[in-house]
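The values are calculated or read from the model by the stated rules, or taken from the named source; none is laboratory data. Not measured: the values here are computed from a predicted model. In this analysis, Cβ positions are derived from the backbone assuming ideal geometry, glycine residues included, and neighbour counts consider all displayed protein chains.
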Amino acid sequence: MRRGRAPGLLRSTPFRLALMAATLFIIAFGVAGAVALHSIRADLAEKLDRSISDTYEVMLATYSREDVEDLIGAVNAHALAGRGNSQVFLLTGPDGHVLAGNMSVGLIRPGWATQPGLELGLPGEASYRTFTGESDGYRLTVGKSEAEISEINVIALTSFASAAAIVVVLALTGGAALALSVQRRIQTIASTMDKVSEGALSERIPLSRSGDDIDALSAQVNEALDRLEASFEGMRQVSVDIAHDLKTPLNRLRLVLDEATELQRQNKEVSKLLDEARAESDQINTTFDALLRIAQIESGARKSRFAPVDLGSVIADIGEVYTDVADDEGQSLVTRIAMGPVEVLGDRELLAQLFSNLVENAIRHTPDGTAIEIGVDEWASEAVAWVADNGPGIPSGERDKVLRRLYRLEESRTSPGSGLGLSLVKAVADLHGAALELDDNTPGLRVTLRFSLSRT
Amino acid sequence: MRILLIEDDRKLAAYVAKGCSEAGHVCDVLASGRQALVQATHEPYDVLVVDRMLPELDGLSLLKAVRAAGVKVPALFLTAIGGVDDRVEGLEAGADDYLVKPFAFSELLARINALGRRPPVQEQRTVLKTADLEVDLIKRTVTRAGTRIDLQPREFSLLEVLMRNEGRVLTRTMLLERVWDFHFDPKTSVVETHISRLRSKIDRPFAVQLLHTIRNTGYSLHAPR
């Protein structure tokens, strides 16, 4: 037998979903982080530029055409005040000589520039942001180290990276944990189904009580298993019943024939025994035919022939056929039909047999003087049909059992009948989706059938 | 009558053939559907009796092929499961009647007789007459020796079927199918009850009996012979 083997964790659907979710989350986190980093950088760069240009403006304000000394003083004062190499200044005269400042001439470009410290003759690895302006041949350069920005960059990047690492680990372990728990439940379903396919039809999938989709699916599978088990049990029951209810009369037939053979040998009259044998074989045939019919009805194939049927006319026919029969048996049959048609979707022939079986049961299992009623009416958008009598009825404990195949009440064991009449009624009712109820008619039996009306 | 029986169970076939010849018919027996197709389309028969399950060519396909060849001989279909889809399938394939196995020989014979003597074209008589009993199918009236008899609708259709088959035996099952449209066996005396009611109306008040019970077989309506 082919067994459903469990796929590895990496191939399991829940894990793949978790992995996919984690990946998406990480990508989203990365994009958000990049956007945030970029705007922080832009903001810091803008602030740096503004402070450089502010400083430049302040220094330039100290310069006037006749007097460069003040400017030289200001540059030197600033250069001295500049902490370490974080701020750099350079003032050169029209002849290119250094007039003041704390850096060498180096490669100074006019306007805004970003240069490594080395190019400016400064120690350290930091790069510098510089602004160089010219006035009357004097060139003033103001620069600031970008070390602070790159430090912030590094901090942002490392904190982002560690956050991302935490997210990845959490997403993957969480996903794996989720996947494992889901996979364990799927595994339970698979092993249950394995047991079922090996014949343990009573196995059911345990539900987690969370009411999620897996539970809903499992509940559906369990329902299907209930039906499978019931029909399997039904089939098993039938074979047991056939063995009993067909083999017993077959055995009787055999005995009758043996006796006839014996009488024949003694040249005695055998026709009575042969009549008995015929009746016995007819009974076997009736039982067998009824079993086949029920099986065919239960297979549902006849549903394809369903058409709108007026239950009123079916029941009127049955009532008409059996009124005289009941009369002859010393009972009375009354028919009550609703005004107007009561249309249901169904098979007219099977419905006729259903009601005929019910009426015949009432006629055969009730004493003289019993009043039997058959009727149909529309009630709350249902077609309600009934066959009721005021005979001895069926004890409440037995009412479910009489619907079973070949089940017969002890009292009726001696009267003729296959014990299949009511199970055929049940099969036809089930085929039509009709609810079948057996109730106490105080006194007597009341069989009610509720059909849904056909909407045309 | 000349009957072709297509049945692969030898014992059953021999038994039926013997019974038919005792009843004055000629009965040819074939066990294979394919042979039967050739035979049925080349020889004139009055009735075909076809089993559902046959080797090579099954009964349904055989019937369809025979009908497709334009042969209109009446056919009786033998099936193992009665009343359900097998019957409908058989009738749809071109059978004129069906019989469920196991059957009583008298039942088969009654049905063969009813089929074989079926007039080629159903004449549309509106008044049926047997001796002094008259049924007017249009006015829905029954009279015997000039006396008007009132019948229930079901009794009327029962009488109509009996009179249309005047002189032939109609079995209980045939009546159930034709009068009540019951394709199952009722456990109560539906037929007996209605026959007895009918008899009390059309026979009992009169000197001559027309409706006869044929023991172990069925009923027949005919004028005294």
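Some notes on this structure:
- Scanning region A:437-454 for residues that are hydroxyl-bearing (S, T, Y) and either in contact with a Cys (Cβ under 7 Å, 6 or more places away or on another chain) or assigned to a strand (DSSP E or B) (or both) returns A:T448, A:S452.
- Any hit, region A:285-307, residues being at pLDDT 90 or above, in a helix (DSSP H, G or I) and among the hydrophobic types (A, V, I, L, M, F, W, C): no
- Top-ranked residue in region B:88-117 [being within 14 Å of another protein chain (Cβ to nearest Cβ) and assigned to a helix (DSSP H, G or I); ranked as modelled with the lowest pLDDT]: B:V88
- Of all residues in region A:185-238, exactly one satisfies the criterion of being surrounded by 15 or more Cβ atoms within 10 Å (Cβ to Cβ), free of Cβ contacts under 8 Å to residues at least 12 places away in the same chain and under 16 Å from the mean Cα position of the chain (by Cα), namely A:D215.
- Checking A:V387, A:V321 one by one, the residue that is closer than 23 Å to A:L431 by Cβ, surrounded by 16 or more Cβ atoms within 10 Å (Cβ to Cβ) and touching a Leu at 6+ places or on another chain (Cβ under 8 Å) is A:V387 and no other.
- When residues of region A:100-112 are limited to those that are hydrophobic (A, V, I, L, M, F, W, C) and surrounded by 15 or more Cβ atoms within 10 Å (Cβ to Cβ), the one modelled with the highest pLDDT: A:A100
- Taking the criterion of being in contact with a Leu (Cβ under 9 Å, 6 or more places away or on another chain) and not in a helix (DSSP H, G or I), the only residue of region A:309-318 that qualifies is A:V309.
- Subset of region A:351-370 (residues that are over 18 Å from B:T193 (Cα atoms), buried (at least 23 other Cβ atoms within 10 Å of the Cβ) and more than 43 Å from the chain's Cα centre (by Cα)): none
Condition check ((1) touching a strand residue (DSSP E or B) at 6+ places or on another chain (Cβ under 7 Å); (2) part of a helix (DSSP H, G or I); (3) modelled with pLDDT under 80) across all residues:
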site: A:T114; (1), (2), (3): yes, no, no
site: A:E119; (1), (2), (3): no, yes, yes
site: A:P123; (1), (2), (3): no, no, yes
site: A:T130; (1), (2), (3): yes, no, no
site: A:V142; (1), (2), (3): yes, no, no
site: A:E148; (1), (2), (3): no, yes, yes
site: A:F160; (1), (2), (3): no, yes, no
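- In region A:285-293 there is at least one residue matching the filter, namely being within 40 Å of the chain's Cα centre (by Cα) and within 9 Å of chain B (Cβ to nearest Cβ).
- Members of region B:188-225 found to be closer than 18 Å to B:A104 by Cα and either in contact with a Pro (Cβ under 8 Å, 6 or more places away or on another chain) or surrounded by fewer than 20 Cβ atoms within 10 Å (Cβ to Cβ) (or both), listed by number: B:T213, B:I214, B:R215, B:N216, B:T217, B:S220
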